[in-house]
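These notes concern the structure reproduced below.
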Amino acid sequence: MEATKTYRLLLDHVSNHKYLISIMGFVIILAGIFYTVYEMTKNSVTVSIDGNEDVTISTHADTVADLFAEEDWNPTQHDVIEPSLDTELMNDTEILWKQAKEVAVTLDGESNDVWTTADDVSGLLEELSVQVKEHDEIEPALDTDITNNMTVQYDPAFLVTLKSDGEEQEIWTTSTTVADFLDKEQIELGDLDRVEPVLEDSLDENTDVQVTRVEKVTDVVEEEISFETITKDDGNLDKGKEEVLENGALGIVKNTFEVILEDGKEVSRELLEEETVKESVDRVVAVGTLEQASTVASSEPMKEEKTNTQIAGEVVEAPAQKEEKSFTMTATAYTAGCAGCSGVTATGIDLNSNRNMKVVAVDPSVIPLGSTVHVEGYGTAIAGDTGGAINGNKIDLHMPTKAEAERFGRKQVKVTIVE
């Protein structure tokens, strides 16, 4: 009896176990069906990320935005997403996602941070509407890939006219200052060279750059010192006759000048030192004052007197005396380098090369140009120059140095036209 009861309990347990297994199997089969149906109803979507990576996703997301949220992707407002985020998804939908990168861009010296989806520097400048020309400078190169937080510098080129060393040329440059421009063109400057505009000035397409080569040299010039002719009355010598007692001799002076040259041409000259190498010797002539008691007529026809070379100690016939004109004049002094002076006189005498030459500026209506004159306290000189302020009884005396001209000042002098 007891055994029968146990047997029945065992049969009931087995029956219940089979029932549970049947239920569980049914549930599993049903879940498999639901899973299969769920998976089969998903849309297959391909996402291209930055053109480098394609990701295929099966999803029940309704829109592109839902898909990005499902994948935990966080696009920015600067990204390019095609189709747009509110587009409904369908099977085999293809999505392009280009992530924007922040780049520091310097254009014409002004820096700004910009967002870009360009692949390289060339594409970035195209996005910014920058038209790149042949001589422009871009750093880094146009084909450099864009990376986040990179720096791009663009300097547009422009034409500048350069005048240097006897040449004029137009040069493309991106320099912003004169100094940088000359450095890039490998133009070396000497200590005295002059640049216009100055090195610190800014540069643009309207700028002409002028480089003037400046040299300072020393010039030593030997010049002749003219001599004076001194006359002495001689009561033992017949009137109208002269005797050379002592021949004159030219002296020599050595002048040391500081000369400034600009592009090889002299623009100024300053006397630094004046050294007398040889003193001049005055010419001394005896002039006869003895009156003849009587004149013996000659049977010979009168002949024109000739001027002979006079030798010291020799008595010669003097030419017929000409009437000399004398004036009392107001005299001033000037130099070859005075303000407004070219150094060349009205008659073509180069005073720069003849610093010790005795030349006077006159009013040609009073003293003809080319005349030889004797100026009291100055000596014998050539009337070889004119001046705007020299008119009437005024005369301007050429001096070797500014100091001598200032020392002379203004005087009343006797001026005699010798010839």
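Please tell me if Ala312 is out of contact with any strand residue (DSSP E or B) (no Cβ under 9 Å at 6 or more places or on another chain), modelled with pLDDT under 90 and either in a loop (DSSP other than H, G, I, E, B) or assigned by TED's automatic domain parsing to the domain that holds Leu245 (or both). Spelling it out, it is not the case that Ala312 is out of contact with any strand residue (DSSP E or B) (no Cβ under 9 Å at 6 or more places or on another chain), modelled with pLDDT under 90 and either in a loop (DSSP other than H, G, I, E, B) or assigned by TED's automatic domain parsing to the domain that holds Leu245 (or both).
With respect to the stated conditions, Val217 fails to be aliphatic (A, V, I, L, M), surrounded by 13 or more Cβ atoms within 10 Å (Cβ to Cβ) and assigned to a strand (DSSP E or B).
If you go through the range 60-101 and pick out every residue that is over 60 Å from the mean Cα position of the chain (by Cα) and not aliphatic (A, V, I, L, M), you end up with 15. Of the residues making up the range 396-414, those that are exposed (fewer than 13 other Cβ atoms within 10 Å of the Cβ), among the charged types (D, E, K, R) and either part of a helix (DSSP H, G or I) or touching a Pro at 6+ places or on another chain (Cβ under 6 Å) (or both) are Glu406, Arg407.
When the test is whether a residue is modelled with pLDDT of 85 or more and not in a strand (DSSP E or B), Trp115 does not pass it. Only a single item in (1) under 12 Å from the mean Cα position of the chain (by Cα); (2) crowded, with 16+ Cβ neighbours inside 10 Å; (3) part of a strand (DSSP E or B) is not met by Gln210, and it is number (2).
What tally of residues in the range 271-286 results from selecting those that are of a type outside the set (Gly, Ala, Ser) and modelled with pLDDT under 90?
Number satisfying all stated conditions: 5.
A single entry from Glu228, Glu223 fulfils the requirement of being of a type outside the set (Lys, Arg), touching an Asp or Glu at 6+ places or on another chain (Cβ under 9 Å) and surrounded by 12 or more Cβ atoms within 10 Å (Cβ to Cβ): Glu228.
For the range 253-296, the tally of residues that are among the β-branched types (Val, Ile, Thr), part of a strand (DSSP E or B) and more than 28 Å from Glu215 (Cβ to Cβ) stands at 6. Considering the range 287-302, the residues that are loosely packed, with under 14 Cβ neighbours inside 10 Å and of a type in the set (Gly, Ala, Ser) include one that is modelled with the highest pLDDT, namely Ala293. Is one or more of the residues making up the range 58-81 in contact with a Phe, Trp or Tyr (Cβ under 9 Å, 6 or more places away or on another chain), modelled with pLDDT of 85 or more and assigned to a strand (DSSP E or B)? Within the range 58-81, one or more residues are in contact with a Phe, Trp or Tyr (Cβ under 9 Å, 6 or more places away or on another chain), modelled with pLDDT of 85 or more and assigned to a strand (DSSP E or B). Listed by first and then second residue, the pairs with beta-carbon distance under 6 Å, at least 6 apart or on different chains, first residue in the range 268-292 and assigned by TED's automatic domain parsing to the domain that holds Lys241, second assigned to a strand (DSSP E or B) and aromatic (Phe, Trp, Tyr), are Arg269/Phe257; Leu271/Phe257. Among the residues of the range 150-194, the one identified as touching a strand residue (DSSP E or B) at 6+ places or on another chain (Cβ under 6 Å), exposed (fewer than 14 other Cβ atoms within 10 Å of the Cβ) and not in a strand (DSSP E or B) is Leu192.
The values are calculated or read from the model by the stated rules, or taken from the named source; none is laboratory data. Owing to the predicted nature of the structure, the values given are computational and were not obtained by experimental measurement. Cβ sites come from the backbone with ideal geometry, for glycine too, and all protein chains shown count toward neighbours.
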